[in-house]
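Notes for the one structure printed next.
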Amino acid sequence: MLTAIIVAGGRSQRMGFDKLFAPLDSKPVVTHSIAAFEQTESVTAIILVGQAERLPEYEAIVEAHGFRKVSAVIPGGARRQDSVQGGLDQVSAEADFVAVHDAARPLIRPELIERIFQLARIHGGAASAAPVIDTLKRVDRDYFVIGGVARASLFAVQTPQIFRRDLLETAYGVIFNEGLEVTDEISAVELVEGKVVLVPNDEPNFKITYPADLSLAEFVLRQRAK
């Protein structure tokens, strides 16, 4: 069984407004992420982790769109890893695998989720990632270029990231016991030497970060609908 934890607890400081409730193709951004996991055959339950003060709004979205797989809507923590841990605490005992997805990535598709899950079942962990195509440079404190980074084997990691439940729980136990901070689940799993395979993804799956990203995501959705 695969349970998805959708993390929607960010403060959207770079947007200036709550991006997860911004309209995208006439629906709030968060709706698209939930819908993708709702439509994925392998997903049996969804746990939505959001800002405590907006939980009634998330619950209203779940009800309005008839999302039947959402088993819990819970408040997030101060950090992303706190929100994920809260989601892990809600995962049922029957779940063998856990997917973690950023709600701000509304372009994720069920087919990609299934591909990642199949590889996670083989290797223990898998995640979506895009090959780095830009030239990368290192800079000093004054932003003068001091060197370059070879990009041949570099990937920009996305979500969802899917793991065996026991592996992810062990990794999270380590980061909390040792007082560490991580920005994604792969970083946690690396600490316990877990194996993670990346699934190269050439379709848009970017994170809504700036206002212009909404227009770009709207364009992608219109193109997909043709």
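Of the residues making up the range 169-221, those that are free of Cβ contacts under 8 Å to residues at least 60 places away in the same chain, assigned to a helix (DSSP H, G or I) and either surrounded by fewer than 12 Cβ atoms within 10 Å (Cβ to Cβ) or hydroxyl-bearing (Ser, Thr, Tyr) (or both) are THR170, ASN177, SER187, ALA212, SER215, PHE219. Of the strands (runs of 3 or more DSSP E) lying entirely inside the range 1-113, those containing at least 2 residues that are without any contact (Cβ under 8 Å) to a residue 40 or more places away in the chain and surrounded by 15 or more Cβ atoms within 10 Å (Cβ to Cβ) span 70-75. Residues that are farther than 20 Å from PRO106 by Cα and either surrounded by 15 or more Cβ atoms within 10 Å (Cβ to Cβ) or not aliphatic (A, V, I, L, M) (or both) within the range 116-131 comprise GLN118, LEU119, ALA120, ARG121, HIS123, GLY124, GLY125, listed in sequence order. Residues that are out of contact with any helix residue (DSSP H, G or I) (no Cβ under 9 Å at 6 or more places or on another chain), among the charged types (D, E, K, R) and under 30 Å from LEU214 (Cα atoms) occur at least once in the range 114-124.
Does at least one position in the range 132-154 carry a residue that is surrounded by 16 or more Cβ atoms within 10 Å (Cβ to Cβ), touching a residue at least 24 places away in the same chain (Cβ under 8 Å) and among the aliphatic types (A, V, I, L, M)? Checking the range 132-154: not a single residue is surrounded by 16 or more Cβ atoms within 10 Å (Cβ to Cβ), touching a residue at least 24 places away in the same chain (Cβ under 8 Å) and among the aliphatic types (A, V, I, L, M). The residue of the range 153-190 that is modelled with the highest pLDDT, among those that are over 18 Å from the mean Cα position of the chain (by Cα) and under 24 Å from VAL132 (Cα atoms), is LEU154.
I'm checking my understanding of the structure. Among residues of the range 26-47 that are in contact with a Phe, Trp or Tyr (Cβ under 6 Å, 6 or more places away or on another chain) and not acidic (Asp, Glu), which one is nearest to GLY76 (Cα to Cα)? Ranking the candidates gives ILE46 first.
The values are calculated or read from the model by the stated rules, or taken from the named source; none is laboratory data. Keep in mind that what you see is a predicted model, and the values were worked out from it rather than measured. Methodologically, a virtual Cβ is constructed for each residue, glycine included, from the backbone with ideal geometry; neighbour enumeration extends over all protein chains shown.
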